[in-house]
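Below is one structure, written out as structure tokens; the observations come after it.
The values are calculated or read from the model by the stated rules, or taken from the named source; none is laboratory data. Computed from a prediction, not measured in an experiment: that's the story for all the values here. We place every Cβ from the backbone using ideal geometry, glycine too, and count neighbours over all the protein chains shown. The accessibility values were calculated without ligands, DNA or RNA, using every heavy atom of the protein model including side chains. Shrake-Rupley method; radii C 1.70, N 1.55, O 1.52, S 1.80 Å.
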Amino acid sequence: MVRSILVTETFKAATRARLGSGDDSAALTLMSTDMERIKMGLRCVHETWASMIQAGLAAWMLYRQLGAVFIAPVGVVVVSFVGLGILINFTGDSQRSWMSGVQKRVGLTATVIASMKSLKISGLAGPVAEYVQQLRVDELAAGARYRRIMIIAAIFAFLPQLISPPLTFAFAQSTLNASTMFTSLSFLTLLTQPLSQLFQSIPDFVSGLACLSRIQAFLELEPRQDYRQSLAETQSCGMEKSSKQLDLKHTDCIFIQDANFGWKADKFILNNINTRVPASSLTMVIGPVGSANPHSARLF
């Protein structure tokens, strides 16, 4: 349900996004890679409260079996949890850096594939391939930082399960027989195993929240504003006064007055453009390709 809602809203935001307000390839990465990280992070979210309840019951049964020595495994769990809490502070930034690298590489790869013919003709296939490969190397480097964090998180997760049994039996005051040892070992397993799974799922949950923040930032981008107005609608709505002010004619199909055009927000290339295109006519704009000088183009 979360996946379907987020993908739908991301697609709608991509269609409403203002040109130049963000990366054009962001929607592709958000609906694929980031969505997969969110799914993995939310997969074990319900195990959080269940693991805490199971660990509390196991600690209570261990207290009834061994007495106050049950504090030893609980102390190991607390130390591991503190270490994991410090490690989590770096998880979100590493995840965002990795996803940004993936987004940049995927966007360029899609552009290269779409423009393969032009790249072959211009002889730029080699340099572009090297640049894409370098982006892949940078992406792997950013992913390596995140994977190192996951490895350290796995160490903290399995630390209570490995250290708690010998530490608990070492501080036990009462005489331990076979029945007491095996029963206590079962309680220790019930105490540490759910917490081990919980500690491993916390970094995935935090990385999912980081990807969710990337989607939120994309959804909050300023949407484009369509300043166009139909001339037929203007004339049919009784706006004769505004039509006279704009000097509209009944034969005009497109009328542009004092308009500014550009590819980036608040950075216009063409300024104060005034032209009209009559209906039932062949209209051509002739001039240098990509020219920022409107005076070098002619309208026929």
Matching residues in segment 201-238 - criterion: being among the polar types (S, T, N, Q), open to solvent by 70 Å² or more (accessible area, probe 1.4 Å) and at pLDDT 70 or above: Gln216, Gln225
Condition check for Leu185: open to solvent by 40 Å² or more (accessible area, probe 1.4 Å) and closer than 30 Å to Ala50 by Cα: yes
Segment 33-57 residues that are in contact (Cβ under 8 Å) with a residue 12 or more places away in the chain, paired with ones that are open to solvent by 40 Å² or more (accessible area, probe 1.4 Å) and basic (Lys, Arg) (beta carbon under 8 Å, 6 or more apart): Met35/Arg3; Ile38/Arg3; Lys39/Arg3
Given (1) at pLDDT below 80; (2) open to solvent by 70 Å² or more (accessible area, probe 1.4 Å), index of the condition Ser21 fails: (2)
Breaking point among (1) over 30 Å from Phe205 (Cβ atoms); (2) at pLDDT 85 or above; (3) touching a Leu at 6+ places or on another chain (Cβ under 7 Å), for Pro127: (3)
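Would you be able to tell me the number of residues in segment 115-135 that are open to solvent by less than 90 Å² (accessible area, probe 1.4 Å) and assigned to a helix (DSSP H, G or I)? Explain how you work it out, then say what you get.
Filtering segment 115-135 down to residues open to solvent by less than 90 Å² (accessible area, probe 1.4 Å) leaves 115-116, 118-119, 122-129, 132, 135.
Subset that is assigned to a helix (DSSP H, G or I): 116, 118-119, 122, 125-129, 132, 135.
Qualifying residue count for the region: 11.
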Test: residue in segment 136-158 that is modelled with pLDDT of 85 or more, part of a helix (DSSP H, G or I) and over 30 Å from Ser213 (Cβ atoms): no
